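Below you'll find the structure, written out as structure tokens, and then a few comments.
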Amino acid sequence: MAIRNVLNRKFLNQSSVTGARFMSSWFRNIEQAPKDPILGVTEAFLADQSPNKINVGVGAYRDDNGKPVVLGCVREAEKRIAGNQFMEYLPMGGSLHMVQESLKLAYGENSEFIKDKRIAAVQALSGTGACRLFAAFQQRFHPNSQIYIPVPTWSNHHNIWRDAGVPIKTFRYYHPESKGLDFSGLLEDIKNAPSGSFFLLHACAHNPTGVDPSEEQWREISSQIKAKGHFPLFDMAYQGFASGNPERDAKAIRIFLDDGHSIGLAQSFAKNMGLYGQRVGCLSLLCEDEKQAVAVKSQLQLISRPMYSNPPLHGALVVSTVLGDPELKKQWLTEVKVMADRIIGMRTALRENLENLGSPLPWNHITNQIGMFCYSGMTPEQVDRLTSEFHIYMTRNGRISMAGINSGNVGYIANAIHEVTKSA
């Protein structure tokens, strides 16, 4: 009996070792993923022990003291909803109230498309989730299509459509020499794309360049896209946050609607309400009629079901409460303008500081661009010097988050930029 127990223990031990080896082999060949170019900046910033370190890489608003901000209208909305709502699941399509308020903000308070129920819309996990839902929808119902994405664009756009299995093409957008819009190249690429292609457009405050078409240019872009039968998807992450006026920031959307396009629209309330961690947004598609809108919405919900099943509740309640109450909405309009105006003021201050230092380079593009980001024109090597010598962190494409600049550090940042660019 003793011999048998010894043999059994030996067999079990050998089996455990063999099993452990087998189990470990499942993940043996998996390599560490590359760092996200934006989030990696924050990791490096946090690891820096310098008291002078500055992060102008990540797109999150900060006040003039460099502190995060919770809007007063958001705090009041939270007070009103606290304890008044059960924590039940939302429908797959999300909060109907939040979706309706989102549509009114984007399409217009008295939009005929809302009244005619021609818009298929669902709550999404902020702008990223809205784009991802659309990408999956595109792949499912237009499996042979491709998406045209501007050069450059928010880096995550490429990940979204790639992981959805949609082939990616690009179109010219930014002109490095002028640090403005490559309008002729953009139009040429629209004309040369196969008819019926999908085009991703930034509705306002283009990320990362801050370069937006003028109203006249938007009208020409709309005309050319319609002539080729392309489908425009707008990513609108900054409505109100760009100019301080949500109506002005929705101008491109309204132009395309007036021209008779069917459009897709990805909305986010991360920036303009400071709801970064709540992940609240909306995806909408303008359809031919109510029957088509019902069918499209049902398919969007079907796609979302295995992804995340139901969107989160709290952020949707905040948005619907703020936008659905006239006084809170008025307060929000005031507060979002304060944020936009501070960023616009920092653009002016940074440009003036650089010019006062006697920089030999033109810096007018800082104030010509709009929104949270400034495409500075600095090279990766110059950005590396900013980090190593001055402890200033940003992505290597030279994109500056203007929200990270304030009256206390703008002089230091300008001097550092001057030092690394003066011999260019």
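Among residues of the range 45-59 that are on the phi < 0 side of the Ramachandran plot, those with a Cβ under 6 angstrom from a residue that is open to solvent by 20 Å² or more (accessible area, probe 1.4 Å) and of a type in the set (Val, Ile, Thr), sequence gap 6+ or separate chain, pair up as Val58/Thr42.
Please note which helices (runs of 4 or more DSSP H) are completely contained in the range 180-279 and include at least 3 residues that are closer than 30 Å to Ala316 by Cα and open to solvent by less than 50 Å² (accessible area, probe 1.4 Å). In the range 180-279, 251-258 are the helices (runs of 4 or more DSSP H) which contain 3 or more residues that are closer than 30 Å to Ala316 by Cα and open to solvent by less than 50 Å² (accessible area, probe 1.4 Å). So in the range 115-136, with the set limited to residues that are of a type outside the set (Gly, Ala, Ser) and part of a helix (DSSP H, G or I), which one is most open to solvent (accessible area, probe 1.4 Å)? Only one residue fits best here, namely Lys115.
Listed here are the residues, each with its yes/no results for (1) crowded, with 17+ Cβ neighbours inside 10 Å; (2) part of a helix (DSSP H, G or I).
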position	(1), (2)
Leu300	yes, yes
Thr321	yes, yes
Leu328	yes, yes
Gln331	yes, yes
Thr348	no, yes
Asn353	yes, yes
Gly358	no, no
Gly371	yes, no
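From the set of residues in the range 23-65 that are among the acidic types (Asp, Glu) and surrounded by 10 or more Cβ atoms within 10 Å (Cβ to Cβ), which is modelled with the lowest pLDDT? Here the residue is Asp36. Among the residues of the range 93-110, at least one is in contact (Cβ under 8 Å) with a residue 12 or more places away in the chain, over 19 Å from Leu300 (Cβ atoms) and in a loop (DSSP other than H, G, I, E, B).
A quick yes/no check of all residues on (1) surrounded by fewer than 21 Cβ atoms within 10 Å (Cβ to Cβ); (2) at pLDDT below 95:
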residue	(1), (2)
Gln138	no, no
Ile147	no, no
Ser155	yes, yes
Asn159	yes, no
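The selection criterion, being under 17 Å from Gly244 (Cβ atoms) and not in a helix (DSSP H, G or I), does not hold for Gly377.
If you check Ala295, Ala340 for being open to solvent by 50 Å² or more (accessible area, probe 1.4 Å) and either assigned to a helix (DSSP H, G or I) or not aliphatic (A, V, I, L, M) (or both), only one passes: Ala295.
The values are calculated or read from the model by the stated rules, or taken from the named source; none is laboratory data. Just so we're clear, the structure is a prediction, and the values are computed from it rather than from any experiment. Here Cβ is always computed from backbone atoms with ideal geometry, including for glycine, and neighbour counts include all displayed protein chains. Ligands, DNA and RNA are excluded from the accessible area calculation, which covers all protein heavy atoms including side chains. Shrake-Rupley method; radii C 1.70, N 1.55, O 1.52, S 1.80 Å.
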